[in-house]
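One structure below.
The values are calculated or read from the model by the stated rules, or taken from the named source; none is laboratory data. If you're wondering where the values come from, they're calculated on a predicted model, not measured in any experiment. Every residue, glycine as well, gets a Cβ built from its backbone with ideal geometry; the counts of neighbours run over all protein chains shown.
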Amino acid sequence: MNMSKRTNHKTPWYRLDLSAIVYPTLQRRNFSSVYRLTAVLKEKVEPNLLQRAVDQTLPRFPTFKVAMRKGVFWRYLEPNNRPGPFVEPDIMNPCMPMSFQNSSRYLIRIYYYQNRISLEVFHSLSDGSGAMCLLKTITAVYLRMKGYPIPSGQGVLELSEKPQAEELEDAYLRYASSRVRPPRSRDKTYRIRGTREPFYTLNIITGILKVQQVLSVSKHYQVSVTEYLNAVLLHALLQKQKEDHVFRELPVSIAMPVNLRRFFPSKTLRNFITMVYPSIDPRMGEYTFEEILLQVHHYMRYYINNKFLNADITTNAAVTKNPLIRVVPLFIKDLVVRQFYKRVQDKQSSAGLTNLGVVETPDEMRPHIERFDVLMGQPFSARTNCAVVSYGDTLSISFASSIVEADVERLFFCRLVKDGIHVMIESNRKTGVK
Amino acid sequence: MSYCVNCGVELHATCSECPLCRTVVQNPRQPVDRDSPTPFPGRKGDVAPVQKSDVTILISIVLAVTAGVCGLLNLMVFRGNSWSLYVIGGCALLWVFCLPVFSGRISPYLSLLLDGAGISMYFGIVAWLHPGNGWYLRLAFPLTVLATALVLLFAAFVRQIHASVLTRAALVLGETAAFTVIIELLIDLYWQAALQITWSAIVLTCCVIIDAALITIIRRTRLREEVRRRMHI
């Protein structure tokens, strides 16, 4: 088993996993790869108790209690024993850039507002599943402090146990074993045209839906919920491209992270995702919504299986295993990766969509939690990102966008309403709130 | 509960407009709730400036110690000439170059101006040790001032005017042509020869030709698009 934790007598340190390598290179004064998970409780949050819960929980999650450091050839994470992280009152512009030097070098933030606990995580530490585990544990410890008997399990880790080696591993290296590496070149895709918001503004629109309604509509179309929501977003993007009256139509594509734990058993709390790109090319002809659904359905069935995903992660792993690439100094790697991402990778998708799936908690927690929200964070370029999560019978769909116009969001939710799904909207947009 | 008449979605009780289409909520039976807390807080967060004090201290100490030790060696051990001034000047120059690393808040114009002053200072040290034929005041100093002014002009252009790469390239070529011509004229003045353009005319001609081509491409949209298509990465 490849262990990413290196023990050097006293100080452990962690190599960045395959996904984590990219995020620090994209770091700008006005951009960080930060996402947010929120637990909406049924009662107001007490900040003092929450701080105590965070302080008690974090030592159980050593890969979150770290600072980012620069080596000559790669960055790495080292344990951070500075005071913090401290809980703060929430802000209207979440997922702000996260400097590696500020906030005592912590790469997570915890906010509270009314009955919400929000956790913001720099993507190099973990993916949504790992961070959700931390948020659930913090929430469980907080509820225990309030006097409720909450057991461990279902993603709530036992604080008295020591962190397991598998929780800290770079699972990519364990499973990357394909003998072929598929090429990665993809077409340029449609980019949403819009007016950029000023610095540090992140527009959020959250739609609250009933899981049963979405399930029955998906069942009616004979697809899964993820496929249905992907198709709705693709349909919205196609309509938006048409409304833009572009000179030359381009394919519309969605970057969708896939949780690899479903295919390759691992308890890792670090990144273990890969991207798939369901897309529709309007140059081939007009697609009806049903045709988009069919296309997405077959794409997902064809690509999302352990063979294709293994080939994909092997391609990623090959880059970091190449000795010629390894010896290139970090600043050159940064330069090349940043340019590649900006000029190629970022242009390969029109929007992002992530579905964290169903959040499971111990039954004893359910009476105290209303729902979970997830926010994909600030997009690298002017576009919108969509994140989905469900808890009990509540499905939450949150759009995060750095542009003024909300056309894609409007077209998306209108399609859901047209399909008979009840949608309740919340937003931080200035025009939409009092 | 209020619904958007345009989108059909239910709106949070505190919404006065639909966030999706900006249709104003007008529900006589349930007016907008202005007392309950909004779903998102109203406080706007701000990113704290990056603290680079460790790097500043480290680089400053390394440079100061290097300069100090070389100065002492020059005074006490290797007393042949004032060689340590080169090292001390070099350290001071490096420190000035590192100012943007120390503080992200320093104005780029001020930083460039200080860089120009630092280079002039270093040339001054060389001139003090090797006075020559007044080369510093008549050649090195004016050229440094001119180069600094041209770099400042380019920086102001890039920061203030949203221009294409081609426009920026045209400006760089224009500045290169002007700089070359002035170098030749200053050399003529230095040698007290008649002012005339010879070798710099070749650079000037090349720059003018490329500039003319660039300006034509910039001004003709079809041509610009063609270049963009053929040169895309």
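Okay, here's what the table says:
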{"quantity": "Unique residue being within 46 Å of the chain's Cα centre (by Cα), surrounded by fewer than 16 Cβ atoms within 10 Å (Cβ to Cβ) and touching a residue at least 40 places away in the same chain (Cβ under 8 Å) when the list is B:Val24, B:Val55", "calculated": "B:Val55"}
{"quantity": "Residue within region B:76-90 that is assigned to a helix (DSSP H, G or I) and farther than 30 Å from B:Leu186 by Cα present", "calculated": "yes"}
{"quantity": "Test for B:Leu166: is it out of contact with any strand residue (DSSP E or B) (no Cβ under 8 Å at 6 or more places or on another chain), over 21 Å from B:Leu113 (Cα atoms) and part of a helix (DSSP H, G or I)", "calculated": "yes"}
{"quantity": "Residue match in region B:35-53 (condition: in a strand (DSSP E or B) and more than 7 Å from chain A (Cβ to nearest Cβ))", "calculated": "no"}
{"quantity": "Filter result (surrounded by fewer than 21 Cβ atoms within 10 Å (Cβ to Cβ), more than 19 Å from A:Val359 (Cβ to Cβ) and either touching a Leu at 6+ places or on another chain (Cβ under 8 Å) or touching a residue at least 40 places away in the same chain (Cβ under 8 Å) (or both)) within region A:203-221", "calculated": "A:Val217, A:Tyr221"}
{"quantity": "Filtered residues of region A:53-105 (kept if within 20 Å of A:Asp17 (Cβ to Cβ) and within 14 Å of another protein chain (Cβ to nearest Cβ))", "calculated": "A:Ala67, A:Met68, A:Arg69, A:Lys70, A:Met98, A:Phe100, A:Arg105"}
{"quantity": "Test for B:Leu204: is it within 22 Å of B:Tyr86 (Cα to Cα) and either over 19 Å from the mean Cα position of the chain (by Cα) or assigned to a helix (DSSP H, G or I) (or both)", "calculated": "no"}
{"quantity": "Residues of region A:190-208 that turn out to be farther than 14 Å from A:Ala400 by Cα and at the interface with another protein chain (Cβ under 10 Å from one of its Cβ atoms), as a count", "calculated": "2"}
{"quantity": "Filter pass, A:Leu250 being of a type in the set (A, V, I, L, M), part of a helix (DSSP H, G or I), in contact (Cβ under 8 Å) with a residue 12 or more places away in the chain and over 18 Å from A:Met132 (Cβ atoms)", "calculated": "no"}
{"quantity": "A:His235 being more than 30 Å from A:Ala20 (Cβ to Cβ), assigned to a helix (DSSP H, G or I) and either touching a Pro at 6+ places or on another chain (Cβ under 6 Å) or without any contact (Cβ under 8 Å) to a residue 24 or more places away in the chain (or both)", "calculated": "no"}
{"quantity": "Breaking point among (1) surrounded by fewer than 20 Cβ atoms within 10 Å (Cβ to Cβ); (2) within 19 Å of A:Ser129 (Cα to Cα); (3) not hydroxyl-bearing (Ser, Thr, Tyr), for A:Asn30", "calculated": "(2)"}
{"quantity": "All positions within region A:123-173 that are touching a Pro at 6+ places or on another chain (Cβ under 8 Å) and modelled with pLDDT of 95 or more", "calculated": "A:Ala140"}
{"quantity": "Count of residues meeting criterion [part of a loop (DSSP other than H, G, I, E, B) and at pLDDT below 85] in region A:196-212", "calculated": "5"}
{"quantity": "Selection status of A:Arg52, outside any loop (DSSP other than H, G, I, E, B), surrounded by 18 or more Cβ atoms within 10 Å (Cβ to Cβ) and of a type in the set (D, E, K, R)", "calculated": "no"}
{"quantity": "Meets criteria (over 16 Å from the mean Cα position of the chain (by Cα), closer than 28 Å to B:Tyr109 by Cα and polar (S, T, N, Q)) for B:Thr167", "calculated": "yes"}
{"quantity": "A:Gly153 away from every other protein chain (no Cβ under 13 Å), surrounded by fewer than 23 Cβ atoms within 10 Å (Cβ to Cβ) and of a type in the set (Gly, Ala, Ser)", "calculated": "yes"}
{"quantity": "Tally of residues being among the basic types (Lys, Arg) and facing chain B (nearest Cβ under 7 Å) across region A:388-434", "calculated": "3"}
{"quantity": "Subset of region B:1-22 that is modelled with pLDDT under 90 and more than 9 Å from every other protein chain (Cβ to nearest Cβ) - its residue that is farthest from A:Thr38 (Cα to Cα)", "calculated": "B:Ser2"}
{"quantity": "Enumeration of residues in region A:113-137 that are away from chain B (no Cβ under 14 Å) and under 15 Å from A:Glu88 (Cα atoms)", "calculated": "A:Leu119, A:Val121"}
{"quantity": "Region A:263-302 - residue that is of a type outside the set (A, V, I, L, M), without any contact (Cβ under 8 Å) to a residue 24 or more places away in the chain and out of contact with any strand residue (DSSP E or B) (no Cβ under 9 Å at 6 or more places or on another chain) and, of those, nearest to A:Phe399 (Cα to Cα)", "calculated": "A:Thr288"}
{"quantity": "Which listed residue is more than 14 Å from chain A (Cβ to nearest Cβ), free of Cβ contacts under 8 Å to residues at least 12 places away in the same chain, part of a helix (DSSP H, G or I) and exposed (fewer than 15 other Cβ atoms within 10 Å of the Cβ), from B:Leu189, B:Leu195, B:Leu137", "calculated": "B:Leu137"}
{"quantity": "Residues of region A:91-119 classified as buried (at least 24 other Cβ atoms within 10 Å of the Cβ) and of a type in the set (D, E, K, R), total", "calculated": "1"}
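To keep it simple, each residue is scored yes or no on (1) out of contact with any Ser or Thr (no Cβ under 9 Å at 6 or more places or on another chain); (2) at negative phi; (3) buried (at least 16 other Cβ atoms within 10 Å of the Cβ).
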residue: B:Phe102; (1), (2), (3): no, yes, yes
residue: B:Arg105; (1), (2), (3): yes, yes, no
residue: B:Leu113; (1), (2), (3): no, yes, no
residue: B:Tyr122; (1), (2), (3): yes, yes, yes
